[in-house]
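J.: This is the structure I want to talk about, given as structure tokens.
The values are calculated or read from the model by the stated rules, or taken from the named source; none is laboratory data. What you are looking at is a predicted structure, and each value in this text was computed from that prediction instead of being measured. For neighbour counting, all protein chains shown are included, and Cβ atoms are generated from backbone atoms with ideal geometry for every residue, glycine included. The protein model used for the area step is the full one, side chains on, heavy atoms only, and it has no ligands, DNA or RNA in it. Shrake-Rupley method; radii C 1.70, N 1.55, O 1.52, S 1.80 Å.
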Amino acid sequence: MIKSLRGRLIISYVLIAALSIALISILSNKLLEKQFNDYVIKAQQQESEDIQRSIRDQYAADKKWNMSVLERVGVDALENGFIIKVTDASGNMLWDATEHNNGKCEAIIKHYAENMMSRYPHWTGGYVQNNYPINVDNATVGTVNIGYYGPFYYTDHDLIFLGTLNKIFMSVAAFSLLLAVIAGVMMAHGLSRPIAKVIKSAQAITGGNYRSRITEKSSTAEMKMLIHAINDMAYSLESQELLRKRLTADVAHELRTPLATLQSHMEAMIDGVWEPTADRIKSCHEEVVRINRLVGGLEKLAQYESENLNITKSSFDLGELIRGILLNFEIQFLNKNIEVSYNCKPAPIKADKDKLSQVIINLLSNALKYTPEGGKVEIGIKQNNGTSLFCVKDSGIGISEEDLPYIFERFYRVDKSRSRATGGSGIGLTITKSIVEAHGGTITVKSQLGQGSTFYVALPAN
């Protein structure tokens, strides 16, 4: 049978509390009862000594036996459960409790036996007698025989005390168990409520509601981490959903213009409105080339993002590679009057030279496109702790903070009209990121709107 987390937690708390209370109660009861038994035994021993002392003091004071005092001591002892017999030095009986009141003596022994049997059903005690000499002035003047139910006995007051003690233990146990149930319900509710919120939010996300967020607060570290993880996942899915929709719109937008141009031109020529001249056929061919370039870029991106991407590594100097590619852009930078600063140290690396060339070309091409005339582009490279790091910094238009996290997404355009004017397809940086990550490296960007951008690429040297 499937049980809720809340129910399981409550049952767990109650069981743990019940076991703890039972264990503590049993151990405490056993320990206190042992201490009480020791106390009773010591009290009975003290009572025997007091009886012996009272008889000795009487003889020491009068220098003879006072029968009335002996009777008073014997009667008092009998009331406390002690049956005494006093004899003189010659062995003559001076006072005997059984002769004084034998019925009461037997009743006392029977009563204490019943008390012990009521407490301990398998009790095996019996009547015990001890002889104590009466010594006065270093001479034995008599003997007192003290009998009682042994090895110890409980009086009625003792049984009442033990019964009250057990009731207190039971009351404390019941109250503690009640508190455990209340605490268990509260704690289970505190733990299960955020989980229920998480489940509800996860179900909403599964249903496509990526805007669902968990606002429940929790003081449990793991629960806070779970809530943050679900919220982060929902935010990521929402962002990916927006990007997916934007990707669909961008692909359609990329294909619509050349296809519309082709359609209009072909229809005009089919209907005889236009003559199929070489220039018009060439214009149609250019639109086909544009579509082919877009499809080729998508195919290349799919290849680079594939887990089976073939990386052919060779050893070369990354600085020399950048310098050679930069020469191919020299005329274009000069035409826009862009100052190029190149500060590259030797950086031997083992990687796929052709694919890294694509990375460098994409970064330099973006720097050229988005840096206005009279601007500046800086290129630097260095090696540190087995990592080759190169950067491309431009003084271009920059990227806004809200667009910065998405620039590596497919077809993401910060400014659609500007991107189209430059002829970009919107997947160059996505391809760049895929190549870098395929080499086990990272690519990051820092940018401020109107102040330019800096792309950092870190690659393992080997």
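J.: At a 1.4 Å probe radius, carbon and sulfur cover how many percent of the accessible area of the range 40-96?
T.: Within the range 40-96, the accessible surface is 44 percent carbon and sulfur.
J.: Follow-up question, since we're still on this one. For n ≥ 4 DSSP H runs only, could you compute -39500 (n - 2.57) per run for the chain, divide by its residues and tell me the 222 nm figure to the nearest 500? Spell out each step's value before the answer.
T.: Working: 11 runs with 276 residues, N = 462.
It lands at -21000 deg cm²/dmol.
J.: Please give the solvent-accessible surface of Cys284 in Å², to the nearest 10, using a probe radius of 1.4 Å with every protein chain present.
T.: 10
J.: Using only Cα atoms and rounding to the nearest 10 degrees, what angle (0 to 90) does helix 353-370 make with the longest principal axis of the chain?
T.: 80
J.: For the range 385-398, just list the computed ³J(HN,Hα) in residue order, Karplus coefficients 6.51, -1.76 and 1.60, θ = phi - 60°, integers in Hz, with x standing in for Gly and Pro.
T.: Whole-Hz 3J(HN,Hα) from phi for the range 385-398: 6, x, 10, 9, 10, 10, 9, 10, 10, 10, 9, x, 6, x.
J.: How far is helix 5-62 tilted, in degrees, relative to the longest principal axis of the Cα atoms in the chain, given as a value from 0 to 90 rounded to the nearest 10?
T.: Result, in degrees: 20.
J.: Quick one: order His100, His439, His122, His157 from most to least accessible surface, probe 1.4 Å. Before the final figure, lay out each step's value.
T.: Values: His100 85, His439 20, His122 170, His157 145 Å².
I get His122, His157, His100, His439, largest accessible area first.
J.: Semi-axes of the equivalent ellipsoid for the range 268-389, please: Cα gyration tensor eigenvalues, times 5, square-rooted, ordered largest first, whole Å. Each step should come with its number before you reach the end.
T.: Values: eigenvalues 288, 102, 22 Å².
Over the Cα atoms of the range 268-389, the semi-axes work out to 38, 23, 10 Å.
J.: Another one. In 5 Å bins starting at 0, how do the alpha-carbon pair distances of the range 149-221 split up by percent?
T.: Calculated P(r), rounded to whole percents: 3, 13, 11, 11, 9, 8, 7, 6, 6, 6, 5, 5, 4, 3, 2, 2, 1.
J.: Residues of the range 141-175 with the amide nitrogen closer than 17 Å to a label point 7 Å from the Cα of Ser54, along Cα-to-Cβ, please.
T.: Backbone N within reach: 143-149.
J.: Report, to one decimal in Å, the Kirkwood hydrodynamic radius for the range 320-398 based on all distinct Cα pairs. Please report the intermediate quantities before stating the final value.
T.: On the way: mean 1/r = 0.0765 Å⁻¹.
This gives a value of 13.1 Å.
J.: Oh, and also: Enter the accessible area per residue of the range 42-186 (Å², integer; probe 1.4 Å; all protein chains in place).
T.: Values: 8200 Å² over 145 residues.
Accessible surface, normalised per residue, equals 57 Å².
J.: Would you kindly work out the equivalent ellipsoid of the chain from its C-alpha gyration tensor and give its semi-axes, the square roots of five times the eigenvalues, largest first in whole Å?
T.: Ellipsoid semi-axes (Å, largest first): 109, 28, 16.
J.: Counting only the heavy atoms of the protein chains, how much of Thr444 is accessible to a 1.4 Å probe, in Å² to the nearest 10?
T.: 70
J.: Right, another one. Angle, helix 97-119 long axis vs. longest principal axis of the chain, Cα atoms, 0 to 90°, nearest 10?
T.: 10
J.: Which far-off residues, 5 or more places away or on another chain, put their amide H under 5 Å from the one on Tyr127, with H placed in the peptide plane?
T.: For Tyr127, the qualifying residues are Gly150.
J.: Can I ask one more? Looking at the range 48-96, which trypsin sites (Lys or Arg not before Pro) are in a loop (DSSP not H, G, I, E or B) and have at most 12 other Cβ atoms within 10 Å? All intermediate terms of the calculation are to be shown ahead of the outcome.
T.: Details: sites: Arg53, Arg56, Lys63, Lys64, Arg72, Lys85; in loops: Lys63, Lys64.
For trypsin sites (Lys or Arg not before Pro) across the range 48-96 that sit outside H, G, I, E and B with at most 12 neighbouring Cβ atoms in 10 Å, the list reads Lys63, Lys64.
J.: Need one number for the range 1-142: average projected area of the convex hull over its C-alpha atoms, nm². All intermediate terms of the calculation are to be shown ahead of the outcome.
T.: Numbers: hull surface 53.7 nm².
Answer in nm², one decimal: 13.4.
J.: Note down the accessible area of Val288, probe 1.4 Å, to the nearest 10 Å².
T.: In the full protein context, Val288 sits at about 80 Å².
J.: For Asn135, enumerate residues with amide H under 5 Å from its amide H, sequence gap 5+ or separate chain, H modeled in the peptide plane.
T.: Those qualifying (amide H under 5 Å, at least 5 residues apart or on another chain) are Val141.
J.: Mind checking which lysines have their Cα closer than 19 Å to the Cα of Lys355? Skip sequence neighbours fewer than 8 apart in that chain.
T.: Lys300, Lys313, Lys433
J.: Please list, in chain and number order, the residues 5+ apart from Leu449 or on another chain whose amide H is under 5 Å from its amide H, with Hs placed from the backbone.
T.: The list, which skips near neighbours in sequence, is Ile399, Glu401.
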